[in-house]
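Enquirer: There's a structure below that I have some questions on.
Throughout, read-outs are computed from the coordinates displayed, never taken from laboratory work. Here the structure is a predicted model, which means the values were calculated and not measured. Virtual Cβ from ideal backbone geometry, glycine too; neighbours counted across all protein chains shown.
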Amino acid sequence: MTDGDSLTTFIARCREILDTKTEPAEIVRRIAPAMLAVAAGHKEFLRPEHRRCDPTHYARNCIYLSNDGSLSLFALVWLPGQWTPVHDHGSWGVVGVLEGILEERNYMSVDGEIKRDNGIRLRRGGMTLLPAGAVTTFVPNPDHIHVTGVAAERAPTLSLHLYGRNMNSFHIYDVENGTRRLIDVPHHQAH
Ligand SMILES: [Fe+2]
């Protein structure tokens, strides 16, 4: 197997699953084992630009973006103490941790699916610690809302994030005021 093969195989497998399944829960159930294999395997497909970090913010390095915008894969590099805002995804997603420990703190919508940008009632849910090799998934509607990051006392962390769309925007939530707004999410084009 050459450097690009594991990534090419993974993307081809995802495409195959997407061509036959449309239900998000079924898509992530089928992609999760493929992500687990990537997380456990050699990572030669990760080029230096995929490992780029940013001292001011966690770094999103684009590895793959399909022409039709139905699939995107990012390498996220987290320095200790870097966190996302409270956000959703508007898509299914599959996350695999390659190095370090990624932490997820979940929020639950008290009223189910969120259809407005205000009057949103979120309650804190549980949290997950994802060590290298771990895979987690989510599906939308009701959207999976969380904060993701790496605690200040932990090591830098590298994770792969696959989404069922071009993940160039998401809602961020103001939990206290019960509001949300859609923001553009920049990424570093690494290919
Ligand atoms: Fe997220």
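Enquirer: Based on other C-beta atoms within 10 Å, arrange SER91, SER6 from fewest to most.
Expert: So the residues, fewest neighbours to most, are SER6, SER91.
Enquirer: Return the FRET efficiency for the residue pair ARG181, ARG47: r is the Cβ-Cβ distance, R0 is 35 Å, and the value is rounded to the nearest 0.05.
Expert: Efficiency computed from Cβ-Cβ geometry: 0.55.
Enquirer: Tell me the angle of helix 5-20 to the major Cα principal axis of the chain, expressed in degrees between 0 and 90 and rounded to the nearest ten.
Expert: Tilt relative to the chain: about 50 degrees.
Enquirer: Okay, moving on. Just subtract the alpha-carbon distance of SER70 and ILE17 from 0.36 nm times their residue separation and send over the number in nm, one decimal.
Expert: Full-extension gain reported as 17.8 nm.
Enquirer: Follow-up. Could you work out how much longer the chain between ALA40 and MET108 gets when fully extended? Use 0.36 nm per residue separation minus the Cα distance between them, nm to one decimal.
Expert: Numbers: separation 68, 0.36 × 68 = 24.48 nm, distance 3.08 nm.
Here the segment from ALA40 to MET108 would lengthen by 21.4 nm.
Enquirer: So what does the Cα-only Debye profile of the chain read at q = 0.08, 0.19 Å⁻¹, as log10 I(q)/I(0), no solvent term?
Expert: -0.25, -1.46
Enquirer: Next question. Count the DSSP beta bridges whose two residues both fall in the chain, then state the antiparallel fraction as a percent rounded to the nearest 5. Intermediate values should be presented prior to the final figure.
Expert: Working: 45 of 47 bridges.
Bridges in the chain are about 95 percent antiparallel.
Enquirer: What does the helix-only formula give at 222 nm for the chain: each DSSP H stretch with n ≥ 4 adding -39500 (n - 2.57), the total divided by the residues, and the result rounded to the nearest 500 deg cm²/dmol?
Expert: -6000 deg cm²/dmol, from helical runs alone.
Enquirer: To continue, here is another question. Around PRO140, with a cut-off of 12 angstrom between Cβ atoms, what is the net charge of the other residues, counting Lys and Arg +1 and Asp and Glu -1?
Expert: Every neighbour counted, the sum reads -3.
Enquirer: Would you mind ranking VAL110, VAL185, VAL97 so that the residue whose beta carbon has the fewest other beta carbons within 10 Å leads the list?
Expert: Neighbour counts put them in this order, fewest first: VAL110, VAL185, VAL97.
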